[in-house]
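What follows is a short report on a single structure.
The values are calculated or read from the model by the stated rules, or taken from the named source; none is laboratory data. These numbers were taken from a predicted model, which means no experiment stands behind them. FYI the Cβ positions are ideal-geometry reconstructions off the backbone, even for glycines, and counts take in every protein chain you see. Ligands, DNA and RNA are excluded from the accessible area calculation, which covers all protein heavy atoms including side chains. Shrake-Rupley method; radii C 1.70, N 1.55, O 1.52, S 1.80 Å.
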Amino acid sequence: MDVMTAVMTRRSEQTLHGPAPSDGEFAYLLRGASTAPDHGRLRPWRWVLLRDEDRDALGRCLADEAGGDEVTVERMRAKLRRAPLVAALVFSPREGRIPEWEQLAAATCMTHALMLLLHSRGYGSIWRTGALARSATAAGLLCLEPGERLLGSLDIGTPDPTATRHRRPMEDVSGLITSFADLRSRSAAGRVPAGHAVA
């Protein structure tokens with residue numbers, strides 16, 4: 001699968017079955033994804049992989065935080081069992097000259113690259129945030145260090161082969177592109193908003 005095909009055909013997959021990548025295959029794909037833009041090559045992130053009963057432990061943790069009754073527990077367990085592999089992304093910004101926003105951008109670039117690589121090998125994934133990204137107890141369960149935070153997780157598995165998927169249409173985004181020469185001409189004509197003047 002060429003890169004453009006992967007980009008145009010990848011979808012967030014709601015229904016995921018086994019198999020999912022093994023730990024070794026996940027690590028191999030992550031080696032590729034980790035070549036995404038990353039100022040300083042800090043790799044300010046790490047992944048925690050949850051399978052089988054591990055997903056139940058995380059589900060119970062989130063359920064306890066939300067109230068803890070059995071209905072909530074079962075609902076959270078079901079959510080965490082929507083895919084055979086749940087990969088939680090931990091953001092681990094490094095102190096130094098690289099601003100945290102650049103490190104966050106590096107983590108998101110890497111994650112998108114990983115999703116494309118998974119898709120190119122026949123796996124599906126979907127990015128999830130919600131309660132997990134806000135949960136202090138989940139952060140404790142997953143042994144986050146001070147300064148780290150959860151950005152969410154990827155549900156990973158094999159997509160339903162009977163689901164209908166359509167190639168994403170190429171939309172006209174030319175209105176989101178401006179040449180510097182055009183900015184200068186608009187500035188000279190007085191059509192650039194205050195505070196955005198071009199020297």
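Short version: ³J(HN,Hα) in whole Hz for each residue of the range 122-137, in order, from phi by Karplus 6.51 cos²θ - 1.76 cosθ + 1.60 (θ = phi - 60°), x for Gly and Pro, what are they?
Listing the rounded values in order: x, 8, x, 8, 8, 7, 10, 10, x, 4, 4, 5, 10, 8, 6, 6 Hz.
What are the extents of the Cα atoms of the range 103-199 along their three principal axes, listed from largest to smallest and rounded to whole Å?
Taking max minus min along each principal axis of the Cα atoms, the range 103-199 gives 57, 43, 20 Å.
List every residue whose amide H lies under 5 Å from the amide H of TRP45, counting only residues 5 or more places away in sequence or on a different chain, with H placed 1.01 Å from N in the peptide plane.
It is SER92, by chain and number.
Semi-axes of the equivalent ellipsoid for the chain, please: Cα gyration tensor eigenvalues, times 5, square-rooted, ordered largest first, whole Å.
36, 23, 18
Tell me what the chain gives for mean residue ellipticity at 222 nm when only DSSP H runs of n ≥ 4 count, each as -39,500 (n - 2.57), the sum divided by the residue total, rounded to 500 deg cm²/dmol. Before the final figure, lay out the partial values.
Details: 8 runs with 84 residues, N = 199.
The per-residue figure over the chain is -12500 deg cm²/dmol.
Keeping all protein chains in place, calculate the accessible area per residue for the chain (probe 1.4 angstrom), answer in Å².
Normalised by residue count, the accessible surface of the chain is 59 Å².
May I have the pair-distance distribution P(r) for the range 36-105, computed from all Cα-Cα distances with 10 Å bins from 0 and rounded to whole percent?
For the range 36-105, the pair-distance distribution reads 20, 32, 22, 22, 3.
Highest mean first, how do 71-77, 101-107 rank when packing is the count of other Cβ atoms within 10 Å averaged over residues?
So the order, starting with the most tightly packed, is 101-107, 71-77.
With θ taken as phi - 60° and the coefficients 6.51, -1.76 and 1.60, list the Karplus ³J(HN,Hα) couplings across the range 145-156 in order, rounded to whole Hz; mark glycine and proline as x.
Those phi angles translate into 8, x, x, 8, 8, 7, 9, x, 8, 9, 7, 10 Hz.
Using 0.36 nm per residue of separation minus the Cα-Cα distance, give me the extension gain between ARG81 and VAL173 in nm, one decimal.
Here the answer is 29.4 nm.
For THR15, list long-range residues whose amide hydrogen, built 1.01 Å from N in the peptide plane, is under 5 Å from its own amide hydrogen.
It is ASP160, by chain and number.
Give me the percent of accessible area attributable to carbon and sulfur for the chain, probe 1.4 angstrom.
Carbon and sulfur: 56 percent of the exposed surface of the chain.
Could you order the peptides 165-173, 39-47, 149-157 from most to least packed, using the average number of other C-beta atoms within 10 Å per residue?
149-157, 39-47, 165-173
Where the Cα atoms of the range 90-158 are projected onto their three principal axes, how long is each span, largest first, in whole Å?
Projected onto its principal axes, the Cα set of the range 90-158 covers 37, 30, 17 Å.
³J(HN,Hα) across the range 179-188 via Karplus (A = 6.51, B = -1.76, C = 1.60, θ = phi - 60°), whole Hz, x for Gly/Pro?
Each residue's phi maps through the Karplus curve to give 7, 4, 4, 5, 4, 5, 5, 5, 5, 5 Hz.
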